[in-house]
Amino acid sequence: MYWEMESGEQPVWFGWPEARPYVRATTRWGRVLLGVPYAAVGSVLVPIAISVGALFVAVGVGMLGEPLWNYLKARNTIYIVTNRRLIVIEHVLRQSVKSFSGDVIKKVERREDHCGVGSVIFARIEARVRREDGFNHSMVEEKGFIGIRNVGEVWRLVMNLKNQLV
């Protein structure tokens, strides 16, 4: 964690996601369920057309494996609040370090369950895509600390940092 700090930067809080809430929040369950028919159709097609059937099976298994992938991400993620920025470090197949500072931290949202576990969303990154039919489509990706304990305390720290950076 300290290897990611800049000169004069101090950690205020660090933590990691709880696996079950993280998986629940990050898994697209509709896509996981869609993996069942993909795998089933693929297993039927394998005797007829091996390459097409194998492709369907691989896609279906990949979709069904999303909760496992998100579990591995939860076990290998660290969240850090410093006196200057917010950091998300993920290390599953390769290490990814994402840093969020004042210009990105705009609206801070807290989502909490009855046990005090939840998420602090602090950035929304919008991407506009022009589809083939000519219509613009926008997608919003939320960034934050997902599935953490003591979410209220972390929310206050993020709000303090946001106010300090303004």
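Each value in this text was obtained by applying a stated rule to the coordinates, not by laboratory testing. Note that this is a predicted model, so its numbers are computed, not measured. We place every Cβ from the backbone using ideal geometry, glycine too, and count neighbours over all the protein chains shown.
Observations, loosely collected:
- Residue within region 59-73 that is farther than 23 Å from Pro11 by Cα, of a type in the set (D, E, K, R) and either in a loop (DSSP other than H, G, I, E, B) or touching a strand residue (DSSP E or B) at 6+ places or on another chain (Cβ under 9 Å) (or both) present: no
- Among residues of region 112-124 being in contact (Cβ under 8 Å) with a residue 60 or more places away in the chain and part of a strand (DSSP E or B), the one that is nearest to Asn150 (Cα to Cα) is Gly118.
- Residues in region 67-98 that are free of Cβ contacts under 8 Å to residues at least 40 places away in the same chain and not charged (D, E, K, R): Leu68, Trp69, Leu72, Asn76, His91, Val92, Leu93, Gln95, Ser96.
- When Gly118, Gly65, Gly152, Gly144 are checked against the criterion of being loosely packed, with under 15 Cβ neighbours inside 10 Å and over 30 Å from Pro37 (Cβ atoms), Gly152 stands alone in meeting it.
- If only residues of region 137-166 that are among the β-branched types (Val, Ile, Thr) and not in a helix (DSSP H, G or I) are counted, the one that is nearest to Gly116 (Cα to Cα) is Ile148.
- Residues (closer than 22 Å to Lys73 by Cβ and of a type in the set (Gly, Ala, Ser)) located in region 94-115: Ser96, Ser99
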